[in-house]
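The values are calculated or read from the model by the stated rules, or taken from the named source; none is laboratory data. This one's a predicted model, so the numbers in the text were calculated from it and none came from an experiment. Because the Cβ atoms are built from the backbone with ideal geometry, glycine has one as well, and the counts that use them run over all protein chains shown.
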Amino acid sequence: MLGRTAFSAWLIAAFLSISPVAVLAQKDPFGAVSAETGTDEQPGSTGQTNAGDNSGSLEEEYGFDPADEYGDADGADFSLRDPWEGFNRAIFVFNDGADRYVLKPAAVSYRQITPIFMQHGISNFFSNLREVTNTFNGLLQGKLGQAGNDAGRFLVNSTVGIVGILDVAQYMGLEEGDGEDFGQTLAVWGVPSGPYLVLPLLGPSTVRDTPARVVDHYTNPITYVDHDPTRYTLRATDIIQDRASLLEAESLLQGDRYVLLRDAYLQRRDFLIVDGEIDVDSEAEAAEAIDQAEVEESSDY
């Protein structure tokens, strides 16, 4: 049984090393591409990276181009959803310190000492585990097609893909989705998000998403590994892997980091809840209102 099998994350890493041929051709999944040389740059390098050159990959990752959205002064006023800003900023400062002195150095070291093909395989492994949560919430939201796709990905990658290390399912037409969680499920059920909330160590959230994390915890297969050292190692590796994947996007943060991260989080959540679909009627109404305002303004002259 999985829960009684004592294995270490290092065993996973060692297992990855026996089949590098399948992924040796992979580019660094987290590296920034230099516009001049076309080569991968590691985070922290002295070379300058043009964020526009990577807008495609960032848009694919986040659902929008952070460089454009962060600089959009006419965007949604997310401050209206942050009535507890004073408290949230205090927690943000604490979290930022913990990240700066603990988590980020660990993520940078992980990037430097871990071969690219192993990073890619480990990322696939944890993404595969999250397909269980995706399937569960897809069913609760009535997205039967997406739930079937996610369940198929989990079954294929857990077997043919060697416990998820290789993403074989994508070559069978089972593409990876944006992900589903219980916070999105509550939103689909009509539960309002409530105010923005920064949690100690856990980071950005909302009043709705905070209790939903408990449900997500119990749909994560790692929770049921009852060998404590193994479970803690897996969770730590997952956190560091996720932090390493954000090193590139972090370079886009200029100005008030609190506001940028808050707006990015809330916009990303809104994007996920509607599955990236734009309300065409609302967009048309907004465009019509703008046109009408322009007509009225011109008539004043």
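Every residue, every condition in (1) at pLDDT 95 or above; (2) in contact with a Lys or Arg (Cβ under 8 Å, 6 or more places away or on another chain); (3) over 30 Å from D82 (Cβ atoms); (4) not small (G, A, S), yes or no:
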{"site": "R130", "(1), (2), (3), (4)": "yes, no, no, yes"}
{"site": "L140", "(1), (2), (3), (4)": "yes, no, no, yes"}
{"site": "D150", "(1), (2), (3), (4)": "yes, no, yes, yes"}
{"site": "N157", "(1), (2), (3), (4)": "yes, no, yes, yes"}
{"site": "W189", "(1), (2), (3), (4)": "yes, no, no, yes"}
{"site": "S193", "(1), (2), (3), (4)": "no, yes, no, no"}
{"site": "L197", "(1), (2), (3), (4)": "yes, no, no, yes"}
Evaluate the following for D270: is it out of contact with any helix residue (DSSP H, G or I) (no Cβ under 7 Å at 6 or more places or on another chain) and under 25 Å from E85 (Cα atoms)? yes
Of the conditions (1) within 30 Å of T159 (Cβ to Cβ); (2) touching a strand residue (DSSP E or B) at 6+ places or on another chain (Cβ under 6 Å), the single one that E180 does not satisfy is (2)
Would you be able to say whether some residue in region 223-237 is out of contact with any Gly (no Cβ under 9 Å at 6 or more places or on another chain), in contact (Cβ under 8 Å) with a residue 12 or more places away in the chain and acidic (D, E)? no
Within region 226-253, track down each residue that is closer than 22 Å to I91 by Cβ and not in a helix (DSSP H, G or I). L246, L253
Where S109 falls short, out of the listed (1) crowded, with 17+ Cβ neighbours inside 10 Å; (2) without any contact (Cβ under 8 Å) to a residue 12 or more places away in the chain; (3) not charged (D, E, K, R): (1)
Considering only residues that are in a helix (DSSP H, G or I), closer than 19 Å to F271 by Cβ and of a type in the set (D, E, K, R), which ones fall in region 125-182? R130, D150
Return a yes/no flag: does region 215-225 have any residue that is out of contact with any helix residue (DSSP H, G or I) (no Cβ under 7 Å at 6 or more places or on another chain), in a helix (DSSP H, G or I) and within 21 Å of V132 (Cβ to Cβ). yes
Any chance V198 is more than 24 Å from N124 (Cα to Cα), surrounded by 17 or more Cβ atoms within 10 Å (Cβ to Cβ) and not aromatic (F, W, Y): yes
When residues of region 125-140 are limited to those that are hydrophobic (A, V, I, L, M, F, W, C) and either surrounded by 19 or more Cβ atoms within 10 Å (Cβ to Cβ) or more than 14 Å from the chain's Cα centre (by Cα) (or both), the one farthest from I162 (Cα to Cα): L140
Conditions (1) surrounded by 15 or more Cβ atoms within 10 Å (Cβ to Cβ); (2) without any contact (Cβ under 8 Å) to a residue 60 or more places away in the chain; (3) not β-branched (V, I, T) -> G148 fails only (1)
Subset of region 105-124 (residues that are of a type in the set (F, W, Y) and under 19 Å from the mean Cα position of the chain (by Cα)): Y110
Test: T206 is modelled with pLDDT of 95 or more, out of contact with any Lys or Arg (no Cβ under 6 Å at 6 or more places or on another chain), farther than 30 Å from N95 by Cβ and of a type outside the set (A, V, I, L, M, F, W, C): no
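For every residue, the table says whether it meets (1) at positive phi; (2) assigned to a helix (DSSP H, G or I); (3) of a type outside the set (F, W, Y); (4) at pLDDT 75 or above.
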position: L58; (1), (2), (3), (4): no, yes, yes, no
position: P83; (1), (2), (3), (4): no, no, yes, yes
position: G86; (1), (2), (3), (4): no, yes, yes, yes
position: G97; (1), (2), (3), (4): no, yes, yes, yes
